[in-house]
1. Go through (1) in a loop (DSSP other than H, G, I, E, B); (2) under 23 Å from E30 (Cα atoms); (3) touching a residue at least 24 places away in the same chain (Cβ under 8 Å); (4) not aromatic (F, W, Y) one by one and return the number of the condition G240 breaks.
2. Take the residues in region 151-190 that are farther than 22 Å from A117 by Cα and among the aliphatic types (A, V, I, L, M), then tell me which one is surrounded by the most Cβ atoms within 10 Å (Cβ to Cβ).
3. For region 30-46: of the residues being at pLDDT below 90 and buried (at least 17 other Cβ atoms within 10 Å of the Cβ), which is farthest from D70 (Cα to Cα)?
4. Of everything in region 56-97, what is of a type in the set (S, T, Y) and either closer than 22 Å to S204 by Cα or surrounded by 20 or more Cβ atoms within 10 Å (Cβ to Cβ) (or both)? Give them in sequence order.
5. Across region 55-94, which residue is modelled with the lowest pLDDT among those that are under 27 Å from S126 (Cα atoms) and among the β-branched types (V, I, T)?
6. Quick one: would you say L64 is within 22 Å of the chain's Cα centre (by Cα) and either over 22 Å from Y275 (Cβ atoms) or assigned to a helix (DSSP H, G or I) (or both)?
7. When you go through F205, F218 one by one, which is the residue that is of a type in the set (F, W, Y), surrounded by fewer than 21 Cβ atoms within 10 Å (Cβ to Cβ) and in contact (Cβ under 8 Å) with a residue 60 or more places away in the chain?
8. Within region 142-157, does at least one residue satisfy the condition of being closer than 17 Å to V221 by Cβ, under 25 Å from the mean Cα position of the chain (by Cα) and hydroxyl-bearing (S, T, Y)?
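The values are calculated or read from the model by the stated rules, or taken from the named source; none is laboratory data. Owing to the predicted nature of the structure, the values given are computational and were not obtained by experimental measurement. Note: ideal-geometry Cβ built from the backbone for every residue, glycine included; neighbour counts use all protein chains shown.
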Amino acid sequence: MQAVPYSFALEPMAEVGLHDFDRAQRLLRERSGIVLGGHKREMAMRKLALRAQRLGLAGVEGYLDGLEYDAGAPEWDHFVNTFTINHTAFFREAHHFQILADWARARSGPLTIWSCAASTGEEPYSIAMALCDAMPGAAARVKILASDIDTQAVQSARRGVYPLERAKPVSPERLRRYFYRGRGAQAGMVRLKPEICGMVEFRSFNLAVPAWPADLRFDAVFCRNIMIYFDKDMQVAILGRFAKVIRPGGLLFAGHSENFTYLTSAFRLQGQTVYARAAGGRRA
């Protein structure tokens, strides 16, 4: 982080107050769209105070000053990463992968899939495995974009290496076909094979930015268990952007606790937390 143009080092450590939390809430929302609930105040302030101390700043106020002073500071990544939740698993909500496989088998030509809250990679790799099971030659036909706002999670996902315990939801047959087992110092770990890793491109991406790349076009999008962290206005805006990047008839997969029906007419409910992009529908 670029230092602010005056020193905090000589100031006594200030008591973290409600003002600092309100300010952190605002900065997080402006940067990422994430709404930080008041019940997380103690946790948030503890983490930010520790980070400020590690950077040699006097307190949270100085840390937040540094962020506001330099909108391009690398420290912004750490700030946002502090509040992202990376709860994920292989083949989580398993019915989605069967629905995707059945849908994909009925289509011809290349397929593009977006896992837009990919976390540490279990979701996009599950998509790749499910499609390889369903379609001969899927590794050549299918391209998966996997993105997340958490830069550390994206770095971890790219490696494709997991403790064997994390791979418990993967069937023994898929473990044999799609993973290498670690030996020696890597015992107890598994690594995805190149066939699967080659289908997935990882990228850091913030869904809350208003301008998405113009070349984004997808046949299906997984946006699961992320919209609950945005307010209604941001949810509507993001759904409107999805409507522009998902091809008509394409699928949008939501989390088990999410319901987009009342937010948009661009998608119609097609199954359990699965939506189809309506023909001609372009706005939420």
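1. (1)
2. V190
3. Ranking the candidates gives R41 first.
4. As a first pass, look at region 56-97 and keep what is of a type in the set (S, T, Y): 63, 69, 82, 84, 88.
Selection gives Y63, T82, T84, T88.
5. Of all residues in region 55-94, those under 27 Å from S126 (Cα atoms) come to 77, 80-94.
Add one more test, that the residue is among the β-branched types (V, I, T), and what stays is 80, 82, 84-85, 88.
Numbers: V80: 86, T82: 88, T84: 80, I85: 76, T88: 90.
Here the residue is I85.
6. Values: within 22 Å of the chain's Cα centre (by Cα): no; either over 22 Å from Y275 (Cβ atoms) or assigned to a helix (DSSP H, G or I) (or both): yes.
So L64 does not fit the description; no.
7. Numbers: F218 fails: surrounded by fewer than 21 Cβ atoms within 10 Å (Cβ to Cβ).
From the options F205, F218, the qualifying one is F205.
8. Of all residues in region 142-157, those closer than 17 Å to V221 by Cβ come to 142-149.
Filter once more, keeping what is under 25 Å from the mean Cα position of the chain (by Cα): 142-149.
Next, from what is left, pick out any that are hydroxyl-bearing (S, T, Y): 147.
Checked region 142-157: at least one residue is closer than 17 Å to V221 by Cβ, under 25 Å from the mean Cα position of the chain (by Cα) and hydroxyl-bearing (S, T, Y).
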